[in-house]
Amino acid sequence: MKLSQKAQLCTLSPMRKFTPYAMAAEAAGKKIYKLNIGQPDIETPPEFFDAVRGFSQKVLAYANSQGTEVMLDAVVNYYKRIGVEYTKEDILITTGGSEALQILFLCILDEGCEVIVPEPFYSNYNTFIRAAGGVIRPLSTCPEEDYNYANREKLEALINEKTRAIAIINPQNPTGNVLTEQELRLIADVAKAHDLYLVCDEVYREFVYDSDEVQCAGKFRDVDDNVVIIDSVSKRFSACGARIGMMISRNKALMAEALKFCQGRLCTTTLEQVGAAALYSVGPEYFAKVRDEYRRRRDLCYEKLTAIPGVVCAKPMGAFYVMAKLPIDDADKFMKWMLTDFEDHGETVMCSPAAGFYATPGKGLNEIRIAYVLKEKDLARALDLLAMGIERYNNR
Ligand SMILES: Cc1ncc(COP(=O)(O)O)c(C=O)c1O
């Protein structure tokens, strides 16, 4: 029996592919500091669990395919608070931002169509775009230029008759790049001029550390048909396991197509929508506190990484990741070795090898992505282990 080309062109997630080695190391008694995945240790606000406990219906029924009324209202009100007018008709509640991306790319891509994506990018874009028959056209960025990609000439040089969309992640995973309003505007202008979708993945919207600006491309009303927002409660409220996200656009034709896929999969989870809607009642003090915590972790991470001889990285401005070029031959080999051969007092650290965050072959081979999702004390120990590991690996 045959397997599809689409499946074979996809790869395992760089965040998760070493899990079997990690499980073996843990079974053997090793403690692993996990900086490989964006799973924060920040507590989910109790509003989620209280709402779920308060669920009193006798049948756990399918929800509406578009999302529950309560959830849609919560999202509309949240956007209103950040100064962006959306109506319920502009929103589809999905199983995480992940399903929103899958549905979106199914709606806008035909076989061989291209999506311009600044690289390095969140590696699952490869899977989502490939599965929809599309191809990533990477716009390469580098730490020496703070991973900047808001450049009209560079963007336009990648556009051809097969291009359907520009997909940006803002704040960016994995580089931490954050667009200014002018930069976002510039990219919206390019999308408009070339009649392209502008996919704005804003799941880290609140996590910006060097300004108070919370950006949303939905505020540019002249590009209503181009802009599609991908959003999620996963990171915003540290509720990754709820699996609640959303696709948002004022493009009515696009939303009508997306609804077909939403109806095809019936609905997203009913009970989690009850909890997720309640999360939107947390106030600005919640975000301020979480932002401060991540800012401290970002600073610590950057300071410790740049103190390791031979490491190159740019200070992230947002999200909770940092890319680092290491003085090693191969990050895949190194990360596996860290789990199988390395330990200090029974402890090691796990990060993501970064080649999977690139579409250009050969890029990112000696880079890793670190998710600064642990408390400062644990993060400091994890980065000390990384420094020790690099030295021992190179002297082995
Ligand atoms: C940029 C980006 N988009 C989307 C997602 C998907 O998140 P979820 O499906 O949990 O909403 C992630 C998860 O890490 C991400 O980093």
### Message
Of everything in segment 146-173, what is in contact with a Cys (Cβ under 7 Å, 6 or more places away or on another chain) and under 30 Å from Ile370 (Cβ atoms)? Give them in sequence order.
### Response
Ile168, Asn170
### Message
Scan segment 25-33 and tell me whether some residue there is in contact with a helix residue (DSSP H, G or I) (Cβ under 9 Å, 6 or more places away or on another chain), open to solvent by less than 30 Å² (accessible area, probe 1.4 Å) and within 16 Å of the ligand (Cβ to nearest atom).
### Response
no
### Task
Could you tell me whether segment 137-152 includes any residue that is within 26 Å of Glu89 (Cα to Cα) and over 19 Å from the mean Cα position of the chain (by Cα)?
no
### Task
Return the residue satisfying two criteria in turn: it lies in segment 178-199 and is open to solvent by less than 10 Å² (accessible area, probe 1.4 Å) and under 21 Å from the mean Cα position of the chain (by Cα), and of such residues it is nearest to the ligand (Cβ to nearest atom).
Val199
### Residues being under 26 Å from Leu184 (Cβ atoms), open to solvent by 30 Å² or more (accessible area, probe 1.4 Å) and in a helix (DSSP H, G or I) - total across segment 214-269
6
#### Entry: Test for Glu202: is it assigned by TED's automatic domain parsing to the domain that holds Met71, under 29 Å from Ile37 (Cβ atoms) and surrounded by fewer than 22 Cβ atoms within 10 Å (Cβ to Cβ)
no
### Query
Of all residues in segment 217-246, which are within 15 Å of Ala100 (Cβ to Cβ) and more than 11 Å from the ligand (Cβ to nearest atom)?
Ala217, Gly218, Val227, Val228, Ile229
### Summary
Per the filter on segment 9-24, residues surrounded by 15 or more Cβ atoms within 10 Å (Cβ to Cβ) and under 20 Å from Tyr125 (Cα atoms) are Cys10, Ser13, Pro14, Met15, Lys17, Phe18
## Note on the structure
Thr127 passes all but one of the listed conditions (1) at pLDDT 95 or above; (2) in a helix (DSSP H, G or I); the exception is number (1)
### Some residue of segment 77-97 being crowded, with 18+ Cβ neighbours inside 10 Å, within 13 Å of the ligand (Cβ to nearest atom) and not β-branched (Val, Ile, Thr)
yes
### Task
Examine segment 49-72 for a residue that is surrounded by fewer than 18 Cβ atoms within 10 Å (Cβ to Cβ), within 16 Å of the ligand (Cβ to nearest atom) and within 20 Å of Thr95 (Cβ to Cβ), and state whether such a residue exists.
no
### Task
Looking only at segment 358-366, decide whether some residue is part of a helix (DSSP H, G or I) and either buried (at least 18 other Cβ atoms within 10 Å of the Cβ) or of a type in the set (S, T, N, Q) (or both).
no
### Query
If you scan segment 284-309, which residues turn out to be open to solvent by less than 60 Å² (accessible area, probe 1.4 Å), more than 20 Å from the chain's Cα centre (by Cα) and modelled with pLDDT under 95?
Tyr286, Ala288
### Task
Report, ordered by the first and then the second residue, all pairs with beta carbons closer than 9 Å, sequence separation of six or more or different chains, a first member in segment 289-318 that is without any contact (Cβ under 8 Å) to a residue 12 or more places away in the chain, and a second member that is in a loop (DSSP other than H, G, I, E, B).
Asp299/Tyr209; Asp299/Lys315; Thr306/Cys313; Thr306/Lys315
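The values are calculated or read from the model by the stated rules, or taken from the named source; none is laboratory data. For clarity, every value in this text was computed on a predicted model and none was experimentally measured. Virtual Cβ from ideal backbone geometry, glycine too; neighbours counted across all protein chains shown. With ligands, DNA and RNA removed, areas are computed over all heavy atoms of the protein, side chains included. Shrake-Rupley method; radii C 1.70, N 1.55, O 1.52, S 1.80 Å.
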